[in-house]
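Below: the structure, in structure tokens.
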Amino acid sequence: MSFAMKRPAASMSKRGGAGEEPALKKPAAASAPSGHVNELCDKVSHAILESPEYPSDVKQMLANSLTGSLAVPKEKRHAFQDSVIEMISNVLDSLAAAAQFKLDEAEKGLGATSEDYDKHQNAVEVIASTLAERTKVVDAAKNEHDESTLARVAAKEAFVLVEQAQTRANAGLVVTEDKKQRLESGMETIYGPLKCGTLPAAEVQDGIKKIEQLGKESGFDVSLLLAIPTALSKPLSNRGSFDSMVMSQIEDEFQRCLAKFADELANGEPGKKEHAAKVEAASREHAEALAAEEAAKAAKEAARTAQKDAETQQEALVKAQQKSASDMRTASAGVNAAKTRLKEFNEGPLAAFKELIEFTEILPPVPGSEEQEPAPAVDTADASSDEQLTIAAAAAAAAAAAA
């Protein structure tokens, strides 16, 4: 912002008479020119004194020189005064450039924070989508686990039922098998030694009682049961044909019972195998259902862990997004503040400076008025020597300080 300085004309027209007050170009300034000029000078002075680029004494010198330079009508300004005004213009140029630079930097910062906010916003949207998907996976895994638990419970109940059916179906066979084993054991360990006379004498009576019990369980005839003690208690050398007949009948009855037991067991074998197969199948299904439940539980826990991870990431990203939004608001406020400062500078000190540059005592021509005689030329050389020396000294000092 450089303003070309024009030398004033050697003479200017007078309107009204020698006693008229000087006036600014603007009509508003004409009513109170001195007060308005002072107000404009104050605005420029305030801006100069706030400039951070120049020493305090230089700024004070320029501020003090405003009334002797800008407050002088342009047609009366000396070249030294123009030099001072040029220095003031340089100061204002630097202030304008600084204000514009701050605005540019603030806008760059806002752009960067805006990009950062967009990145965080995108990240939040992505993690929200991821979390939604993982939540669906958790729900599906939970349902799968619930269903597998129900299947395992059903398989367990089915297994128990077939086991109970097997137990009921095999109960008779178990009893038959037990009777057969007891009869075979009794014939081998008790009846055989009694018949051969090899059973110790102290055990003979106990052995006879056991054989009688086996006979009762096997359905022996009463007469045969009554004959058992007599025949088996005699020593081998004292036994007669009747005793031999009794023993023969005992052996026949035992063999008949064994054959009966064998037939019952043989007839029950297919059913036993069938129930065993059902139990085995139910046991296998229960084991498979249990394994499926464990796998579903593990999948549910893994899905829940992934969901928690996504929740943690979302929380962190939302916080980062909120901070980015706060940074963007701060940057936006900084841009607005920089714009405001630049606007205030342009509309305040700069506008005042521009108006003072054009400050004149020459009144604008009245439309339709007749030509007036030109006023006598004012010779600036007639200005007092003291004023010229003061202005020259101020201009020289300002030039030296600016250099």
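Observations, loosely collected:
- Each residue in the stretch 308-329 was checked for being in contact (Cβ under 8 Å) with a residue 12 or more places away in the chain and either hydroxyl-bearing (S, T, Y) or surrounded by fewer than 13 Cβ atoms within 10 Å (Cβ to Cβ) (or both), and 1 of them qualify.
- Of the residues making up the stretch 127-183, those that are more than 45 Å from the chain's Cα centre (by Cα) and not polar (S, T, N, Q) number 20.
- Output for the stretch 199-239, where each listed residue is open to solvent by 40 Å² or more (accessible area, probe 1.4 Å), in a helix (DSSP H, G or I), out of contact with any Cys (no Cβ under 8 Å at 6 or more places or on another chain) and touching a residue at least 24 places away in the same chain (Cβ under 8 Å): Q205, K210, E217, S233
- Filter pass, E188 being open to solvent by less than 90 Å² (accessible area, probe 1.4 Å) and over 26 Å from A296 (Cα atoms): no
- In the stretch 148-184, the residues that are farther than 15 Å from H286 by Cβ, open to solvent by 50 Å² or more (accessible area, probe 1.4 Å) and touching a residue at least 24 places away in the same chain (Cβ under 8 Å): E177, K179, R182, E184
- Residue in the stretch 112-124 that is open to solvent by less than 20 Å² (accessible area, probe 1.4 Å), touching a Ser or Thr at 6+ places or on another chain (Cβ under 7 Å) and not polar (S, T, N, Q) present: no
- Residue count for the stretch 277-303, restricted to those that are open to solvent by 90 Å² or more (accessible area, probe 1.4 Å) and in contact (Cβ under 8 Å) with a residue 24 or more places away in the chain: 3
The values are calculated or read from the model by the stated rules, or taken from the named source; none is laboratory data. Worth saying up front: this structure is predicted, and the values here are computed from it rather than measured. Every residue, glycine among them, receives a Cβ derived from its backbone with ideal geometry; neighbour counts consider all protein chains shown. Surface areas here come from the heavy atoms of the whole protein model, side chains and all, with no ligands, DNA or RNA. Shrake-Rupley method; radii C 1.70, N 1.55, O 1.52, S 1.80 Å.
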